[in-house]
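Coordinate-derived values only; no laboratory data. Only a predicted model underlies this, so the values are computations on that prediction, with no experimental measurement involved. Neighbour counts run over all protein chains shown; Cβ positions are idealised from the backbone, glycine included.
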């Protein structure tokens, strides 16, 4: 199949996938809300750009990222007795993609503004990056070791439930959102490529469950790391307040004694 045929085939598939979404949006607008769409020609023009962007995005995944991911996994796992480089690469790719995620940057800036500076932009970004990096590293270890994925997911969300009970209420919705924004346009293609390549290079692994299951780890562990960051910050604040209180008590006692 030539590149022109692949482009046309991908375009037709993308149009077929986008049409149901467009029908629902325009259907609700015309038949439920019953109001005309302002600047209809601009909206349609925007849909055209969405389709073009999706086509090139899909082709980029199929022709570049997925093959590179398979090649990286094959080369890194060439020695079955030494997977250290796989874990190191998984950690670094997880941290770097999370830091570069545009949606996470936007959420961190907004959270900093809403909280009046209580939530640090870089503090949130780094905590999410650590969570993604640890999650992907643990996910690659699980693929290599072959343990069932549901064990890790159940234990992970059990920890999330315990943290939700103890964590500051302000940070809980932000922590759950962080798992979603951390697995967006930058992270998902690279992590998926690594997971699929690693699952295909190790005998007995399922590219569907093991490869795509790596995204579940990248989504889960930022929730844990963000709430842990909030709990640690709250503990430090309480320690400072407690130290100030004891200092004031000591000063008052000293004055009384003198």
**Item:** Of (i) 13.3; (ii) 14.4; (iii) 22.0, the label for mean projected area of the Cα convex hull in nm² derived from the coordinates
**Value:** (iii)
**Message:** For Cα pairs less than 8 Å apart in space and 6+ apart in sequence, what is the mean separation divided by the residue count of the chain, i.e. the relative contact order in percent?
**Reply:** 24
**MRE, 222 nm, helices only [DSSP H, n ≥ 4, -39500 (n - 2.57), over the chain, to nearest 500]** = -27000 deg cm²/dmol
**Prompt:** So, in nm, how far is label residue 52 from label residue 118 when the simple model puts each one 7 Å beyond its Cα toward the Cβ?
**Reply:** 4.6
**Request:** Take the range 100-226, drop everything but the C-alpha atoms, weight them equally and run the Debye formula without solvent; then report log10 I(q)/I(0) at 0.10, 0.17, 0.19, 0.23 Å⁻¹ to two decimals.
**Result:** -0.32, -0.83, -0.98, -1.27
**Prompt:** Is the shape of the range 1-143 rounded, prolate or oblate, going by the alpha carbon gyration tensor and its root eigenvalues a ≥ b ≥ c, with a/c under 1.5 for rounded and a/b larger than b/c for prolate?
**Reply:** oblate
**Item:** Förster-model FRET efficiency, 22 Å R0, residue 85 and residue 231, C-beta, rounded to 0.05
**Value:** 0.10
**Request:** On a C-alpha basis, how far is the centre of the range 1-69 from the centre of the range 99-122 in Å? Whole number, if you could?
**Result:** 30
**In nm, spacing of pseudo-spin labels at residue 43 and residue 64 (7 Å Cα→C-beta vector)** = 3.3
**Asked** For the range 1-76, what are the per-bin percents of Cα-Cα distances with bins 5 Å wide, up to the bin holding the maximum?
**Response** 3, 13, 17, 17, 14, 11, 9, 6, 5, 3, 1, 0
**Proxy reagent accessibility, fewest Cβ within 10 Å first, across 83, 246, 157** = 246, 157, 83
**Asked** What's the angle, to the nearest 10 degrees (0 to 90), between helix 149-166's Cα axis and the longest principal axis of the chain?
**Response** 40
